[in-house]
1. What is the gain in length, in nm to one decimal, between I18 and H313 on full extension, counting 0.36 nm per residue of separation less the C-alpha to C-alpha distance?
2. Quick check: net charge around I266, other residues with Cβ under 15 Å of its Cβ, Lys/Arg +1 and Asp/Glu -1?
3. Using 0.36 nm times the number of residues separating H109 and R393, minus their current alpha carbon distance, what extension gain do you get?
4. Using +1 at the C-beta of Lys and Arg and -1 at the C-beta of Asp and Glu, which of S325, A16, F138 has the Cα lying farthest in the positive direction of the dipole of the chain?
5. Of the options Q74, F258, A299, report the single residue whose Cα projects farthest towards the positive end of the charge dipole of the chain (beta-carbon charges: Lys, Arg +1; Asp, Glu -1).
6. Compare A299, A220, A65 in a GNM of the chain, Cα atoms joined below 10 Å, and give the one with the largest fluctuation.
7. So, with +1 on the Cβ of K and R and -1 on the Cβ of D and E, and no other charges, what is the size of the charge dipole of the stretch 215-254 about its Cα centre, to the nearest 20 debye?
8. With Cβ to Cβ distances under 14 Å as the rule, what net charge do the other residues near W82 carry (K, R +1; D, E -1)?
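Read-outs: derived from the displayed coordinates by stated rules, not from any lab. Predicted model, so just to flag it, every value in this text is computed and none were measured. Note that each Cβ is placed from the backbone with ideal geometry, even for glycine, and that neighbours are counted across all protein chains shown.
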Amino acid sequence: MSLAPQNERSNQDRQAWIDDELSARKQAGLLRTQRVRSLQSQAKTIELNGQLLIDFSSNDYLGLAGELSKELHQDPIWNTNWGSGASPLITGRTEAHQELEQELSCFKHAEAALAFSTGYAANVGAITALTGAGDVIFSDAKNHASIIDGCRLSKANVVIYRHNDIDHLSELLAGVTDVRRRLIVTDTLFSMDGDFAKLPQLAELAETHNAMLMVDEAHATGVFGENGRGLAEHFGCEAAIDVSVGTLSKALGSIGGFITGSRLLIDLLVNKARPYIYSTAMPAVCARAGVLALKRVAAEPQRRELLLSNVGHLVSALREAGLISNGDAGAEDGNSQIIPIMLGHPEKALQLSLSLREAGMNVPAIRPPTVPQQESLLRISLSSQHTSTQLDRLVAGLV
């Protein structure tokens, strides 16, 4: 006699709590569901679940993702093996990976670079390799989840300082004396609020308190700085950064993460960064895409100029419409391509996002736990490819 029906009932009983948890999330306006994007979607216009939408959610800030695809089809690497077949320290690191790391170190004016499978892996790998029991990490309250998870896994004592509050961080640093190592870690461009870290002041504190300074330039790489190296270049404090993390998956239009710094730092990460050591290397095609993207960033500064022009256009229009105040978008030193519309309650953010979708625009609702309670928002992500007509249509849809 088959026991399958009884086993199925047993499984259902053991997993009944999952239905309860999902129901509770739905009741709180926090349930997430999957959607399907058509592969035929074009830049700034996408098809989601069969609906054509102007896209204000993408992190393809310079519009490189589609163009790199076309360029790669003409590259001999397109006909090589797709999978790298092993972790980097076995046989997964190809000539394409080596070339990417050389180009990244030149781009960032660093001694060396190391490529990871994702930006998430780069942050976790760096933090857990640099710190451990007996160390203290000082982390901004609004750092990315990958930084938070790296801190948790490190076994170091983690001290959270109030978002962008330099005075608070100074007090905390002064209160910690008998430790092995100190690490200050921050995003440079915060992914939800779109504001800038106060890098010059952080550099001064790191110097004063003999702390390592690690920054994540994920959303700033390719966008800010005279050469697109990020906000450390923009603020003129690159020499003060010990560990610079970036990603190929946003403005650079590919996939993967990277770390740049001293030769000694990279040698340490090769030996201690577990996400690097124990993950299959990214496909060589993706590494080649990163190289091509870096060349585009160097040769086509008009892309970031156009992006920042779009930022200025939209921010001015949103302020004129009373949708944001001076403190809601950007920072003291300028605005970014990430513009939040603060709404507070998750249900309110969901309703406005749905209303915009019905009007033909895709603007995601960001809710806890991605943001703190009562800080749900719509996150507008801009691209160099958005037109002024599309930006004005968005403002009209928000009014």
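1. On the way: separation 295, 0.36 × 295 = 106.20 nm, distance 4.53 nm.
101.7 nm is the gain from fully extending I18 to H313.
2. Working: positive: R93, K108, R263, K272; negative: E101, E103, E111, D242, D267.
Surrounding charge for I266 is -1.
3. On the way: separation 284, 0.36 × 284 = 102.24 nm, distance 4.07 nm.
Result for the pair: 98.2 nm of gain on full extension.
4. A16
5. Of the options given, the answer is Q74.
6. A299
7. Values: 2 positive and 6 negative charges, 35 e Å.
Once rounded to the nearest 20, the dipole reads 160 debye.
8. Details: positive: R288; negative: D75.
With Lys, Arg at +1 and Asp, Glu at -1, the net is 0.
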